[in-house]
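Engineer: This is the structure I have questions about; it appears just below.
The values are calculated or read from the model by the stated rules, or taken from the named source; none is laboratory data. Just so you know, these numbers come straight off a predicted model, no measurement behind them. Note that each Cβ is placed from the backbone with ideal geometry, even for glycine, and that neighbours are counted across all protein chains shown. For accessibility, only protein heavy atoms count, side chains too; no ligands or nucleic acids. Shrake-Rupley method; radii C 1.70, N 1.55, O 1.52, S 1.80 Å.
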Amino acid sequence: MQVDIAIVGAGPAGLCFARALAGTGLKIALIERQSHEAIAKPAFDGREIALTHGSRRIMETLGLWARLDPAQIFDLRDARILNGDADTGLTITAGDGNGRQLGWLVPNHQIRQAAFDAVDGLANVELICDTAVRGVTRRGDSVELALDDDKTVSARLLVAADSRFSDVRRMLGIGARMRDFGKRMLVCRVAHERPHDHVAWEWFGHGQTMALLPLDAGRASVVLTLAPEAMAQVEAMDDVAFAADIQRRFLDRLGTMTTVGTRHVYPLVGVYADRFVAERAALIGDAAVGMHPVTAHGFNLGLQGAERLANGIRRAQDAGRDIAGRAVLARFQRQHRLATWPLFAATGIVASLYTDDRAPARLVRSATLRIAQRLTPFRRLIAAHLTQERPALR
């Protein structure tokens, strides 16, 4: 098969990138190791994605937002950061961001479904499922992909969107800074007695990190991060014992809790690729930047990266230039590194400081939250970061 662009990975980043190139006349092959059924009807995986205002605008442009179930879009009004057993901490309000809400929470499988539906049936996109890439070879002005069914795909541009553990990234000879935080993250929906008031919590406890993501009235998604041995004990609990354990960990602040969904556990690994481009190739999504979830910006950065690369390709196509030319890829890399590296580095610092249970670290983070709460300009700066009201770089 010969195409203009081969995208490896039909997750949200790969699908949104393909959708962003609709109408360009470019022929696209989307290669995915999962079955067609798995990506056409994605299963609930427990994850709720915090979407910024910037990401909503992109999703509206791509036709994804209108495909979401309105009943599964939850307002994220305020955000509260707590440390230890303190009742107060840092609260970032919608008012700090000059809006009605900081963002929205949408189940990950809903986003995946909307992205698939937006691409399904596009004349310029061919979806190849149940297939993995076995090797990558550059041949003049093209890249040849050897598939595990002994077929080949030749493309002018290769785009890797195959997760933070990307095989294609390795095949391209691109290294990555990978940080295993040595923790496991559990997500589960719960019902609770007291209202959450659409406020998200990030709670850095002693020996644990917890988050509460507000859904509809009386329901939220809880996120619990523990060391593997401690997490194994939680995973072994039945639903009744688990709900009681979560209620205890949240110090009964939301009253009685009951489990209303399945539990899902994920490892915590952060990844930042050494380069986002190679000759006639680029990385997007988690293959480029895999974020620690503490800042809730992983999907937002992946979506914006897909938009940046697609915009660069559109400009080159309209001007009659090579869509995989060095100038196109260099511009994408420069812009995406500028947008992602400061946040990735800061996230690592925050994750280290706020999960350090030594006494000096506890004192530093308590003092930091108290001071930040008193500084209105600082709260507004954080709100601007959370909402991403400024449009993505183009």
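Engineer: Determine whether segment 332-348 contains at least one residue that is modelled with pLDDT of 95 or more, among the hydrophobic types (A, V, I, L, M, F, W, C), surrounded by fewer than 17 Cβ atoms within 10 Å (Cβ to Cβ) and closer than 28 Å to residue 142 by Cβ.
Structural biologist: Checking segment 332-348: not a single residue is modelled with pLDDT of 95 or more, among the hydrophobic types (A, V, I, L, M, F, W, C), surrounded by fewer than 17 Cβ atoms within 10 Å (Cβ to Cβ) and closer than 28 Å to residue 142 by Cβ.
Engineer: Same structure, new question: Those residues that are farther than 19 Å from residue 39 by Cα and either under 25 Å from the mean Cα position of the chain (by Cα) or not in a loop (DSSP other than H, G, I, E, B) (or both), I need them from segment 129-146; list them, please.
Structural biologist: 134, 135, 136, 137, 138, 139, 142, 143, 144, 145, 146
Engineer: Any residue at all in segment 226-246 that is in contact with a Phe, Trp or Tyr (Cβ under 8 Å, 6 or more places away or on another chain), part of a strand (DSSP E or B), surrounded by 20 or more Cβ atoms within 10 Å (Cβ to Cβ) and not small (Gly, Ala, Ser)?
Structural biologist: Scanning segment 226-246 turns up no residue that is in contact with a Phe, Trp or Tyr (Cβ under 8 Å, 6 or more places away or on another chain), part of a strand (DSSP E or B), surrounded by 20 or more Cβ atoms within 10 Å (Cβ to Cβ) and not small (Gly, Ala, Ser).
Engineer: Say whether the condition of being in contact (Cβ under 8 Å) with a residue 60 or more places away in the chain, polar (S, T, N, Q) and under 30 Å from residue 176 (Cα atoms) is met by at least one residue in segment 199-220.
Structural biologist: yes
Engineer: Any idea which of (1) more than 22 Å from residue 45 (Cβ to Cβ); (2) in contact with a helix residue (DSSP H, G or I) (Cβ under 6 Å, 6 or more places away or on another chain); (3) open to solvent by 70 Å² or more (accessible area, probe 1.4 Å) is the one residue 169 doesn't satisfy?
Structural biologist: (3)
Engineer: Scan segment 273-305 for residues that are of a type in the set (Gly, Ala, Ser), more than 10 Å from the chain's Cα centre (by Cα) and under 15 Å from residue 158 (Cβ atoms) and report the count.
Structural biologist: 6
Engineer: From the list 266, 272, pick out the single residue that is assigned to a strand (DSSP E or B) and more than 26 Å from residue 136 (Cα to Cα). Spell out how you get there, then give the answer.
Structural biologist: Numbers: 272 fails: more than 26 Å from residue 136 (Cα to Cα).
Every option except 266 fails the conditions.
Engineer: Restricting to segment 305-325, and then to whatever is acidic (Asp, Glu) and outside any loop (DSSP other than H, G, I, E, B), can you tell me which residue is surrounded by the fewest Cβ atoms within 10 Å (Cβ to Cβ)?
Structural biologist: Looking at residues that are acidic (Asp, Glu) and outside any loop (DSSP other than H, G, I, E, B), I get 318.
Engineer: Within segment 179-207, which residues are at pLDDT below 90, surrounded by 17 or more Cβ atoms within 10 Å (Cβ to Cβ) and assigned to a loop (DSSP other than H, G, I, E, B)?
Structural biologist: Listed by number, the list holds a single entry, 205.
Engineer: What residue, among those in segment 225-246 that are out of contact with any helix residue (DSSP H, G or I) (no Cβ under 8 Å at 6 or more places or on another chain) and among the charged types (D, E, K, R), is nearest to residue 208 (Cα to Cα)?
Structural biologist: We begin by selecting, within segment 225-246, every residue out of contact with any helix residue (DSSP H, G or I) (no Cβ under 8 Å at 6 or more places or on another chain); these are 225, 227-233, 235-236, 238-241, 243-244, 246.
Remaining after also requiring among the charged types (D, E, K, R): 229, 235, 238-239.
On the way: 229: 12, 235: 15, 238: 20, 239: 20 Å.
Among those residues, the one meeting the criterion is 229.
Residues checked against (1) of a type in the set (Phe, Trp, Tyr); (2) assigned to a loop (DSSP other than H, G, I, E, B); (3) open to solvent by 40 Å² or more (accessible area, probe 1.4 Å):
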position	(1), (2), (3)
59	no, no, no
80	no, no, yes
87	no, yes, yes
113	no, no, yes
116	yes, no, no
123	no, yes, yes
127	no, no, yes
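Engineer: For residue 251, all conditions in the list (1) closer than 23 Å to residue 163 by Cα; (2) not in a strand (DSSP E or B) hold save one; what is the number of the exception?
Structural biologist: All conditions are met except number (1).
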